[in-house]
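Notes follow once the structure below has been shown.
The values are calculated or read from the model by the stated rules, or taken from the named source; none is laboratory data. Bear in mind that the values here come from a model prediction, so they are computed numbers and not experimental data. Don't worry about glycine lacking a Cβ; one is built from the backbone with ideal geometry, like all the others, and counts go over all protein chains shown. For the accessible areas, the whole protein counts, side chains as well, though only heavy atoms, and no ligand, DNA or RNA atoms are used. Shrake-Rupley method; radii C 1.70, N 1.55, O 1.52, S 1.80 Å.
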Amino acid sequence: MKRIVSLLCGLTVLTLSSFAQVFPKAGVQNTMWTGFGQQYPTVLLNPVDPYKSSGVRYYGLYNTLQARVDIAQFAIEGMLNWAAETNWDSNNAFSSITFSNTQKTPFWYTNHSSQGGLNTTGETESYYVNFIWNALSKEKHDLDFGMGTRLAWKIGPAPVCGGYYWEPLTHIIQGGLKEGVPGDADVVGYTHYDNQYANTALGIRYRYGDMIEAGISIPSGVTTDKPFFNAAFAIQPVDVFRASVAFENVCTSYADFYTGLTLNLKKVIIDAYLEIQNLGNADSHYKTWGTGATISFYPVKNLLIRPEAGFTFYREANYTPAFYAGGRIEWGINKTCVLGGFTSLAWGSRNTDWNNDWTGGFILDIRPDFTYIINNRHKLSVAFDFQHRVAFNNNAYQVWAAGLYWTYKR
């Protein structure tokens, strides 16, 4: 029963463990995947030449190894992602296999696009390495210094995709909307929430139990000509309520503001969040703000239901709002079997100056999954992800992937 409860709480943990690294404690996890499907097209915005499917392809074998080691006051954690990746020629014929350290994951095949912003390309890093020094740990006081390529220090809630891109419960985020303004990609309206104040960065954070957290980081890319930093603060005066705020790119004209609230009523958890981008004098063409909420609740034993919804608004008057709604359900059938699924709908932003026949686009996603818990260390998962997408220029197409995951953790 403990295994069932642990798995059902997975999404909730991702939301609430706001000050944890990728690995909250020492351990090892290995995730292996193999699968096939019909992948996301890289070019699909030409109205004269509508998208044509590349056909069904076998993708190969992907393996992601993560580990964290604690030595005295120091923690070292890292990840290595490698693959035996299949290659296909222009006639959709299998041609070769490439063995490499790669940025691709199972998530890549149904979500990768060269169009839209960096946050929605469907890629992850091929490796990460983090170093954390717990300089002070006395009673309720904790002071950490961190340096890494994926610190993942979070201050509050935001839309989640169920896991990291290589994990079996990962689904599309914000309904599959792409980052950018209308015309940048097929269906746009993604909001990047800055609840993660230290990622590829040098950071410092102070925590007083669960009551207070304050952090600051210098992200990668800082120059002497344009110095900037990220800062965050959270307070939890009582067990059921936590409020957080963060600023990204402080001291620039493109600074962002984030705030989030969590109401934890044990069997019902409500998360709400707000992001305002480009606070300064940046071109209003790219100024956006977004808001949304998620509710996680357990109506009966071994059943998790997690609906969510969100909006993205553009300060450019000609851009209509984008909207998505979706949810995940997980049911622990017995001690070894968990059935789950995610589905969502999304409507992209439209430029009102466009031809009347063009819309903001539409996305339907359906992703069922099943997990068999072999024992406390091993589990097998199967998942199928299907997306029906209609681009803003009315090009319609489908992408899908099916695969088997093996996860080992200790």
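Summary of computed values
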item	result
Which numbered condition L304 fails, given (1) farther than 29 Å from W347 by Cβ; (2) part of a strand (DSSP E or B); (3) not small (G, A, S)	(1)
Filtered residue count, the range 293-336, keeping only those that are surrounded by 15 or more Cβ atoms within 10 Å (Cβ to Cβ) and either of a type in the set (A, V, I, L, M) or farther than 26 Å from G361 by Cα (or both)	15
Enumeration of residues in the range 113-135 that are open to solvent by less than 70 Å² (accessible area, probe 1.4 Å) and either closer than 18 Å to V399 by Cα or in contact with a helix residue (DSSP H, G or I) (Cβ under 9 Å, 6 or more places away or on another chain) (or both)	S113, Q115, G116, T120, T121, G122, T124
Residue within the range 145-161 that is surrounded by fewer than 20 Cβ atoms within 10 Å (Cβ to Cβ) and hydroxyl-bearing (S, T, Y) present	yes
Residue in the range 104-112 that is part of a strand (DSSP E or B) and either of a type in the set (A, V, I, L, M, F, W, C) or open to solvent by 50 Å² or more (accessible area, probe 1.4 Å) (or both) present	no
Among (1) within 27 Å of V56 (Cβ to Cβ); (2) in a strand (DSSP E or B) - the single one N393 does not satisfy	(2)
Any chance I172 is closer than 30 Å to Y58 by Cα and open to solvent by less than 10 Å² (accessible area, probe 1.4 Å)	yes
The one condition in (1) in a loop (DSSP other than H, G, I, E, B); (2) modelled with pLDDT under 95; (3) open to solvent by 60 Å² or more (accessible area, probe 1.4 Å) that N375 fails to fulfil	(2)
Candidates Y273, Y286 - the one that is modelled with pLDDT under 95 and within 30 Å of H112 (Cβ to Cβ)	Y286
Those residues of the range 387-410 which are of a type in the set (D, E, K, R) and either surrounded by 21 or more Cβ atoms within 10 Å (Cβ to Cβ) or at pLDDT below 90 (or both), in sequence order	R389
Residues within the range 206-234 that are at pLDDT 95 or above and more than 21 Å from L151 (Cα to Cα), tallied	1
Unique match (being charged (D, E, K, R), more than 20 Å from F370 (Cα to Cα) and not in a loop (DSSP other than H, G, I, E, B)) among E275, E330, E316	E275
Test result for D142, of a type in the set (D, E), in contact (Cβ under 8 Å) with a residue 24 or more places away in the chain, surrounded by fewer than 23 Cβ atoms within 10 Å (Cβ to Cβ) and not in a loop (DSSP other than H, G, I, E, B)	yes
Subset tally (residues that are in a strand (DSSP E or B), open to solvent by less than 50 Å² (accessible area, probe 1.4 Å), out of contact with any Pro (no Cβ under 8 Å at 6 or more places or on another chain) and over 13 Å from E248 (Cβ atoms)) for the range 179-233	4
Unmet criterion (only one of (1) touching a residue at least 24 places away in the same chain (Cβ under 8 Å); (2) within 21 Å of V22 (Cα to Cα); (3) of a type in the set (V, I, T)) for T191	(2)
Residue list for the range 346-367, filter: open to solvent by 70 Å² or more (accessible area, probe 1.4 Å) and either part of a strand (DSSP E or B) or touching a residue at least 12 places away in the same chain (Cβ under 8 Å) (or both)	W347, D353, D357, W358, I366
